[in-house]
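The values are calculated or read from the model by the stated rules, or taken from the named source; none is laboratory data. Values in this document were obtained by computation on a predicted structure and should not be read as measured data. Counting neighbours? That spans all protein chains shown, and the Cβs are built from the backbone with ideal geometry, glycine included. Accessible surface is based on the protein model in full, side chains and every heavy atom, while ligands, DNA and RNA are left aside. Shrake-Rupley method; radii C 1.70, N 1.55, O 1.52, S 1.80 Å.
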Amino acid sequence: MALLVGSSCSKIELAPISTIATGSMWRTADDALSAKIGMYNLFRTAFADNYQWYTESRTGFYTFGRSFYERYRAHFDNRLDAASLGSDWNDFYTLINQCNLILKYVPRIDFTDAQQQNQILAEAYFIRAYTYFWLVRIWGEIPVLTVPFESDDQENLYPVRDPESMAWDLIKSDLAQAESRYPAGRTQPAYLANPGAILMLKADVYLWLHKVRKEAGALATAEAAVNSVLSGQSYQLESSFRAVFRNESNRENIFTIYREAEESGSSWFNLTIWRDGDVPVQYHNNPVPVGADNVYAFSDLAWNLLYEDPADQRAVETIDSLVIPPNRVFQWGVKYSGEYTSQRRWDQDQHVYRFAETLMFKAEIENEKGNSASAVEFINRVAQRAYGKSAYYDAALSKEEVDEVILKERAKEFFFEGRYWWDLIRFGKVFEKVPSLKGRENEQNVLLWPVAYNTINRNNKIVQTPGY
Amino acid sequence: MNSRLLSKVPRVPGAHPVFRMLLTLLCCMTAYVLSAQPVQVKGKVTDSHGEPLIGVNILSEQSGTGTITNPEGLFELAAEAGDWLTFSFIGYTAQRIQITNRSELSVVLEQQANALDEVVAVGYGQQSRRFVTGAVSKITPELIVDRPVSNVVSALQGKVAGVNIFSQNFAPGSTPNIRIRGGSSINYSNNPLVIIDGVPRSMTDINPNDIESIEVLKDASATAVYGARASNGVVLITTRRGKVSQRPEIVFQSSMSYQQHHKGYPLVSGEEFIRLIRTNAVGSPFESTLYEDGPASHVNGDRSVFTPRWLEAGEAVPAGWQQMTDPIFPDKTIIFQENDPVDLLFKPGLWQNYHLGATGGSEKIRYAGSVGYTSDNGTVAETGWTRLSMASNVDIDITDKLTFSSGVGYTNTRNPTESSWVNSIGRQLIMAPTWRIRYDDGTPVPGFNATATPPPFWRETRDYDQYQTRLNLDGSLIFRPLEGLMLKGNASYYRSDFEDEYFEKSHFFAQNRNAYTNQNIGQTRQLEAIASYNTKIGGSHDISFMAGISDLFISSRELSLRADGGATDIIPTLNAAPNKINASSVKTEESLIGMFGRIGYIYEGKYLFQASLRRDGSSKFGAGKKWGYFPAVSAGWIVSEEPFMKDVAMVDNLKLRASYGFTGNNAIGPYTAQGAYSSVRYARQAGLRATAIPNQNLGWERTGQLDAGIDVGAFRRKLNISFDYYTKITDNLLFSNPLPNTSGFSSITTNIGSVKFYGVDLSAEGTLVQTADFSWKPRLIYSLNRNVVLKLPENDRDKNRIGGYSVPGGDDFGGIAEGEPLNSIIGYKADYIIDNRQQAENARYDELALGISLEDGTAVKGRKFPGDYEWADRNSDGIINEYDQFVLGYTVPHTTGGFGNMFSWKGFALDIFVDFALGHSAMDRYWMYYNSNAFVGRTRPTKYVLTDSWEKEGDAATASLPKFYVQDQGMQSNYYRDSDQRTWKLNYLCLREVKLSYDLPRSWLNRSGINSVNIFVAGNTLAYFTKERHAREINPEWGTTNTYDAGAGYPAVRKFNFGLRVAL
């Protein structure tokens, strides 16, 4: 009996076996590396599918498919409400919390390789900057959190929505940190953050700051960033558009999101293909891709744009269709449709930044500076790959015409890649080009999003976006 | 061998008991040898006070003749030497006496052990019922054996005051839920602690025929000695142990049931479906679907998922198909197959139970062993469950002071079942009956996607089995060095292995032959040491002490393996699948150390006091919070022993009792307090991410319970009533507190707030009629239980509400809040059905309504039409949105109980038992799927849509359902929202048991060596009577807010049962 009592105290101290107690984490460099991989896992959760709401379904390119999901009408019509898909920012903040944990604890760990420590921190700053960049463009005023949450009596557990300028300041300082800390000479596969990715994000951010927030000096910073990527010579355009998406280690990828069926399961792209039972058997994957459901079809606007020039090799690699007489039409997405080997596998990596965009950014910047001819040169490099013709666009185009060309080429090149909505806002043409937004400039915050009911129910200091 | 006869054997002083026994045997055999001589037997029968007993039945076993005693207790009977006479009298223990050549018999009958003398198991000990001061209910076997149930919990439904038992899923092998006095927690476990023979185990382990008794400990003074885990009550199960007896008792029971399912909603037939959809599709946005493959279209081909099509000119209707006139093109005929999912899925099934048990013993060794086999084919095709159980208990007296006691139990169950109830029952039941099940060549049709396939395809392509093995070993040494002192050391090991195996053959949707297997091993190791001492001082002071310590260690290991890519359908195991997808193992451990003690004092046999204390330490809580103290006190007064009560002849027993004490609850995950980083994967590399926020302040949840009770026995124990009032307040509730979605975590487990559960338990049983041949014994159980949240942590919301909806301008609702009860159901309320254009134009803006007009195709969000529900405006802002929801009901009943009547006449016994539950509701999701023609038009409406829907102006007075729309989810969301229009009040009365049994007369069995044969015929869960019609069409016992899986689960089962029990 005494034996039991005497050793009783230690008997009830049990550490978890298959997880790590928070008090046991952050001891060695391996912990830091594991946390970094965990961060990318959360990055994939936050961005790999969700971007469809913020950048694709609102553009006017999508419409109802065979399976009529009423919920998507809010996106197609740009009449969002707190219950709409995408209104909950939960996944973004889970990712930010992980970044904050890394930024708090990794500096305290001893590394044998000091540069590895810097690299991990640089990657965390990059991811955090990227996430806030999206948050601030989607919701405008957002809680800006830089301290991780580790207990429930922490200050600011119930934050308010901060002014936009706070978010932008953080994005800029995080980018600076990422750029300066990333050790020179080290490189990583495209699905992990690397100097090229940091520079592309910087270009993206500063172009936005210049064109949308009219910030002085931003254009020059963007230009410097883009030039670094161009001069680095690590990237080039693939000669085949198809190879960019079907060959995972192509030279055009700058930053991608890794997908593999066993890890990441399904993809949002399954909403663009077809359900087995809806397609006659002889056409299954021949050519109509099956294995999911047809929720998204594409509007005439999209078809007319993509198939404008029959020579465009991108069209059939983006979307395709089949007509079975007399009147059965099947249309589907191609770009990220994965492959079908006894079942559909969503193994294609998704592109966040690739070299074609570097060229398009350069063109955009040149045009902003007034050098339309130089801009056209860069556009033509992308157009060459697409149409198979050199000097596709005339160097004598005016600035406004070049802007139109850039916007159009970006839409064709980056369809499905989550760029067009931001492009529209950046070029100030969203109310002109999106049919459901015509004439709605005066609706308050129509370009921003409402916050989800869940957000307010859990924290009533958050106020709904005005206008919703 | 009765004591009377034993006393006739010459006493040899100091003779060894065994020697005396042998001598007795000799005498008996001698007597037998002297048989066949006629004897005139005379005698007198008295009770233990010497009073003559009148009307005692005396029966001769050989001749079958009998007589009764006269008013002086005298009798006379002609018999033969060697014959056995049975003396029986209601309320007294019967005796069998063999006739020798002596003709004078003096028989003393002992009064039957009455309810007050029964021994009741309490925590770590036993007490006589007379002296129990806590709230303890005891259930004896006759209330639960010979019922067609696979586990004992089902047989307890409605039979124990304060205990609510309900089933959410009636699949073979499933266990109902138990709530003792409502439980004690909000969103953590409300399950009671179940202890079998001193070891915390699961109730499904044992065959009900192995049970000797069940005690349910309900108040603090009874449960506090278990400290941790006792807040939800304790169920003590004692299995049969051997007793000293001359002959072993061998009992064989065999029982069989025919089972059928309780029917669900009446659904439209194939023809009704086609007519309904076609006529309503015209003019709707979905009219074009009639011209594509679909459940009500006319173009389906031979390989389509659905069958309806136009009959070709000159074609004869194919065999097995039906025909009807096309309602929209009357010159055309539509032919279709009717394949009703209900017929495909449900088949009556057979349930069987066989049990063989032997108990016996000498003074040195006592044993009880049994083997049981139960097999349940269920009511859904291709599901089943079998259980083989073996148990043995052996007690050995090593010396007269030292006893070794052991128990071994083994259970093996096998369960061919489905990996997903939603996919295998739920989604299939709602399908239109016009689907194609098999192609013309007989191969099964795959259906339209991988999770919505017709039953033959699903079942022919998937194999899923579950296995469970449970082993329990325990041993105790009991040492009694002095009178009244007992020392006991006990060690036990319990292991539960759960395995499942899944294999998917190559089929239309997936050719990769997905296969997985999981194995969960749980082990419990317990060591206990207990000392108890009872003594009587000075004749009127009864004192008892008990003290002990307990060390409990629980570990679990889960293994998951998954692979695919096999080349053949014939090998289902993973060795044939070269593509290894997942290999994972997870281990957890927890430890609980307790020290406890109890003191009891009885003065003059009528003033009772008891106090107990337990100190428990649990590994689950944060530093500094691991230990908790759980004291309890109780007192009782046996009023009927007072001199002033002796003259009240009516009342035999009157006891007042009260108790107050504290119990604890630690039913959270083993490492919750420590937070967690869990492993994830990216780009084939291993990563860690923060998944749980730590809480080092996490500690014991404590429940303080006050109980006041009164036990009454009256009319010479023909009426026994027990009544308790109780109130339980739980503090430091273990609560999953939602966190803001900006924090990185969805919730944190913390101790917050307090909640109160209170109510009354009443149990009454009596003997209304008792004659020599006939008796009628009714019994009533009535339990009332309510709850209210008392205190929540301060936040800025009214009543400190957590969760629910934050309405701008205040008046929040939903979630939990101070002053409100738990388990509420939230939804919209319908005011009326809009009948005409005028009303529609004046209707409020409805955020969920798309306002698509069938006339001009325009969509104006928020617009309403005739035939829609007009919803109630909670905050009077003229808009209907999420903030216009109300509390529609509660998922948990406030009143439960049962009423039974036992009739016996000669050898027959009839038991009719009903149980009831009042006050609960359920919101049925499936009502929405059926009636809104959901899943792109493929679901099948209930017949109510045909009779009760609004169709034209003027119908609003009689209609209860809104206008029917094809593919309604895209329209006005009349069905597609949580509302009172699909929330049913589930108050029910269930005819739970009707059992008729017959004991074969002794005389028939005399020479066979068989002691008794009992044949029975019974019905179980025969009918539910409910006020709300739809409550009968779903499971009225639900008790949960999530009906998605519950609705897909097994429906209730009606059983017709017969069997027999033979005792040797």
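Which members of segment B:641-654 meet the condition of being free of Cβ contacts under 8 Å to residues at least 60 places away in the same chain and open to solvent by less than 60 Å² (accessible area, probe 1.4 Å)?
Residues of segment B:641-654 free of Cβ contacts under 8 Å to residues at least 60 places away in the same chain: B:641-649, B:654.
Selection gives B:642, B:645, B:648, B:654.
Does any residue of segment A:381-390 turn out to be among the small types (Gly, Ala, Ser), under 30 Å from residue A:46 (Cβ atoms) and either modelled with pLDDT of 95 or more or open to solvent by less than 30 Å² (accessible area, probe 1.4 Å) (or both)? Reasoning before the result, please.
Here is the first cut: in segment A:381-390, the ones among the small types (Gly, Ala, Ser) are A:383, A:386, A:388, A:390.
Now drop any that are not under 30 Å from residue A:46 (Cβ atoms), which leaves none.
No, the conditions are met nowhere in segment A:381-390.
Go through (1) small (Gly, Ala, Ser); (2) within 14 Å of chain A (Cβ to nearest Cβ); (3) within 30 Å of residue B:190 (Cα to Cα) and name the single condition residue B:809 misses.
(3)
Going residue by residue through segment B:502-513, is there one that turns out to be closer than 30 Å to residue B:198 by Cα, at pLDDT below 95, crowded, with 16+ Cβ neighbours inside 10 Å and within 32 Å of the chain's Cα centre (by Cα)?
Restricting attention to segment B:502-513, the residues satisfying the condition of being closer than 30 Å to residue B:198 by Cα are none.
No.
Scanning for something open to solvent by 30 Å² or more (accessible area, probe 1.4 Å), at pLDDT 85 or above and under 30 Å from residue B:247 (Cα atoms), does segment B:954-970 turn up at least one residue?
no
Any chance segment B:507-518 includes a residue that's free of Cβ contacts under 8 Å to residues at least 60 places away in the same chain, in contact with a Gly (Cβ under 9 Å, 6 or more places away or on another chain) and either acidic (Asp, Glu) or on the phi > 0 side of the Ramachandran plot (or both)?
no
Results for (1) over 30 Å from residue B:941 (Cβ atoms); (2) assigned to a loop (DSSP other than H, G, I, E, B); (3) of a type in the set (A, V, I, L, M, F, W, C); (4) free of Cβ contacts under 8 Å to residues at least 60 places away in the same chain, shown as yes or no for each residue.
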site: B:425; (1), (2), (3), (4): no, no, yes, no
site: B:428; (1), (2), (3), (4): no, no, no, no
site: B:446; (1), (2), (3), (4): no, yes, no, no
site: B:458; (1), (2), (3), (4): no, no, yes, yes
site: B:465; (1), (2), (3), (4): yes, no, no, yes
site: B:468; (1), (2), (3), (4): yes, no, no, yes
site: B:475; (1), (2), (3), (4): yes, no, no, no
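Can you name the number of the only condition in (1) outside any strand (DSSP E or B); (2) among the β-branched types (Val, Ile, Thr); (3) crowded, with 16+ Cβ neighbours inside 10 Å that residue B:571 fails?
(3)
Taking segment B:727-748, which residues are surrounded by fewer than 23 Cβ atoms within 10 Å (Cβ to Cβ) and either under 30 Å from the mean Cα position of the chain (by Cα) or more than 10 Å from chain A (Cβ to nearest Cβ) (or both)?
B:727, B:729, B:731, B:732, B:736, B:737
Yes or no: residue B:1031 of a type in the set (A, V, I, L, M, F, W, C), at negative phi and either within 14 Å of another protein chain (Cβ to nearest Cβ) or part of a strand (DSSP E or B) (or both)? Talk me through it step by step, then tell me what you get.
On the way: of a type in the set (A, V, I, L, M, F, W, C): yes; at negative phi: yes; either within 14 Å of another protein chain (Cβ to nearest Cβ) or part of a strand (DSSP E or B) (or both): no.
So residue B:1031 fails the test.
Against the conditions (1) touching a strand residue (DSSP E or B) at 6+ places or on another chain (Cβ under 6 Å); (2) closer than 24 Å to residue B:966 by Cα; (3) touching a residue at least 40 places away in the same chain (Cβ under 8 Å), where does residue B:835 fall short? Just the number, please.
Result: residue B:835 passes all but (1).
Among the helices (runs of 4 or more DSSP H) confined wholly to segment A:212-296, which include 1 or more residues that are hydrophobic (A, V, I, L, M, F, W, C) and buried (at least 21 other Cβ atoms within 10 Å of the Cβ)? If you could, list the steps in order and put the result at the bottom.
On the way: elements: A:218-232, A:241-246, A:261-264.
In segment A:212-296, the matching helices (runs of 4 or more DSSP H) lie at A:218-232, A:241-246.
Hey, does segment B:221-233 have a residue that's assigned to a strand (DSSP E or B), open to solvent by less than 10 Å² (accessible area, probe 1.4 Å) and more than 30 Å from residue B:343 (Cβ to Cβ)? Quick ask: steps written out before the conclusion?
The initial filter retains those residues of segment B:221-233 that are assigned to a strand (DSSP E or B), namely none.
The answer is no, given that none of the residues of segment B:221-233 is assigned to a strand (DSSP E or B), open to solvent by less than 10 Å² (accessible area, probe 1.4 Å) and more than 30 Å from residue B:343 (Cβ to Cβ).
Is segment A:109-120 home to any residue that is in a loop (DSSP other than H, G, I, E, B), modelled with pLDDT under 95, open to solvent by 10 Å² or more (accessible area, probe 1.4 Å) and among the small types (Gly, Ala, Ser)?
No: zero hits.
Take the conditions of a type in the set (Lys, Arg) and open to solvent by 30 Å² or more (accessible area, probe 1.4 Å) and apply them to residue B:614. Does it pass? Spell out the reasoning first.
Details: of a type in the set (Lys, Arg): yes; open to solvent by 30 Å² or more (accessible area, probe 1.4 Å): no.
Spelling it out, it is not the case that residue B:614 is of a type in the set (Lys, Arg) and open to solvent by 30 Å² or more (accessible area, probe 1.4 Å).
Results for (1) within 8 Å of chain B (Cβ to nearest Cβ); (2) of a type in the set (S, T, N, Q); (3) more than 22 Å from residue A:275 (Cα to Cα); (4) surrounded by fewer than 18 Cβ atoms within 10 Å (Cβ to Cβ), shown as yes or no for each residue.
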site	(1), (2), (3), (4)
A:14	yes, no, yes, no
A:17	yes, no, yes, yes
A:20	yes, no, yes, no
A:29	no, no, yes, yes
A:35	yes, no, yes, no
A:61	no, no, no, no
A:70	yes, no, no, yes
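Please work out which residue is farthest from the other protein chains (Cβ to nearest Cβ), limiting yourself to segment A:318-339 and to residues that are exposed (fewer than 14 other Cβ atoms within 10 Å of the Cβ) and not in a strand (DSSP E or B).
A:325
So is residue B:761 assigned to a loop (DSSP other than H, G, I, E, B) and either within 14 Å of chain A (Cβ to nearest Cβ) or acidic (Asp, Glu) (or both) or not?
On the way: assigned to a loop (DSSP other than H, G, I, E, B): no; either within 14 Å of chain A (Cβ to nearest Cβ) or acidic (Asp, Glu) (or both): yes.
Criteria not met by residue B:761.
It is to be established whether one or more residues within segment B:540-557 are of a type in the set (D, E, K, R), open to solvent by 20 Å² or more (accessible area, probe 1.4 Å) and modelled with pLDDT of 95 or more. Before the answer, list the steps.
Kept after step one, since they are of a type in the set (D, E, K, R), are these residues of segment B:540-557: B:542, B:551, B:557.
Keeping just the survivors that are open to solvent by 20 Å² or more (accessible area, probe 1.4 Å) gives B:542, B:557.
Next, from what is left, pick out any that are modelled with pLDDT of 95 or more: B:557.
Scanning segment B:540-557 turns up at least one residue that is of a type in the set (D, E, K, R), open to solvent by 20 Å² or more (accessible area, probe 1.4 Å) and modelled with pLDDT of 95 or more.
Yes or no: segment A:182-193 includes at least one residue that is closer than 23 Å to residue A:138 by Cβ and either within 14 Å of another protein chain (Cβ to nearest Cβ) or in contact with a strand residue (DSSP E or B) (Cβ under 7 Å, 6 or more places away or on another chain) (or both). Show your work before the answer.
Here is the first cut: in segment A:182-193, the ones closer than 23 Å to residue A:138 by Cβ are A:193.
This time we only want the ones that are either within 14 Å of another protein chain (Cβ to nearest Cβ) or in contact with a strand residue (DSSP E or B) (Cβ under 7 Å, 6 or more places away or on another chain) (or both), so: A:193.
Yes: one or more hits.
Which of the residues that make up segment B:775-802 are surrounded by fewer than 18 Cβ atoms within 10 Å (Cβ to Cβ), more than 28 Å from residue B:161 (Cα to Cα) and touching a residue at least 24 places away in the same chain (Cβ under 8 Å)?
B:791, B:793
Kindly evaluate residue A:146 against the criterion of being surrounded by 23 or more Cβ atoms within 10 Å (Cβ to Cβ) and either within 14 Å of chain B (Cβ to nearest Cβ) or charged (D, E, K, R) (or both).
Working: surrounded by 23 or more Cβ atoms within 10 Å (Cβ to Cβ): no; either within 14 Å of chain B (Cβ to nearest Cβ) or charged (D, E, K, R) (or both): yes.
The answer is no for residue A:146.
Being assigned to a loop (DSSP other than H, G, I, E, B) and over 30 Å from residue B:300 (Cα atoms) is the filter here; which residues of segment A:340-356 pass it?
Applying the first criterion (assigned to a loop (DSSP other than H, G, I, E, B)) to segment A:340-356 yields A:341-343, A:346-349.
Passing the criteria: A:346, A:347, A:348, A:349.
When you scan segment B:846-877, how many residues do you find that are free of Cβ contacts under 8 Å to residues at least 60 places away in the same chain and within 12 Å of chain A (Cβ to nearest Cβ)?
5
Filter segment B:577-597 down to residues that are away from chain A (no Cβ under 11 Å) and open to solvent by less than 30 Å² (accessible area, probe 1.4 Å) and give me whichever is farthest from the chain's Cα centre (by Cα). Steps first, please.
From segment B:577-597, those away from chain A (no Cβ under 11 Å) are B:577-578, B:583, B:596-597; that's our starting set.
Going one step further and asking which of them are open to solvent by less than 30 Å² (accessible area, probe 1.4 Å), we end up with B:577, B:596-597.
Numbers: B:577: 40, B:596: 31, B:597: 32 Å.
Within segment B:577-597, the match that is farthest from the chain's Cα centre (by Cα) is B:577.
Where in segment B:618-726 are there strands (runs of 3 or more DSSP E), lying fully within it, with 1 or more residues that are farther than 24 Å from residue B:783 by Cα, at pLDDT 90 or above and away from chain A (no Cβ under 14 Å)? So that I can check it myself, show each step before the final result.
Values: elements: B:627-638, B:651-665, B:676-682, B:685-692, B:701-714.
Where strands (runs of 3 or more DSSP E) fall fully within segment B:618-726 and carry at least 1 residues being farther than 24 Å from residue B:783 by Cα, at pLDDT 90 or above and away from chain A (no Cβ under 14 Å), they are B:627-638.
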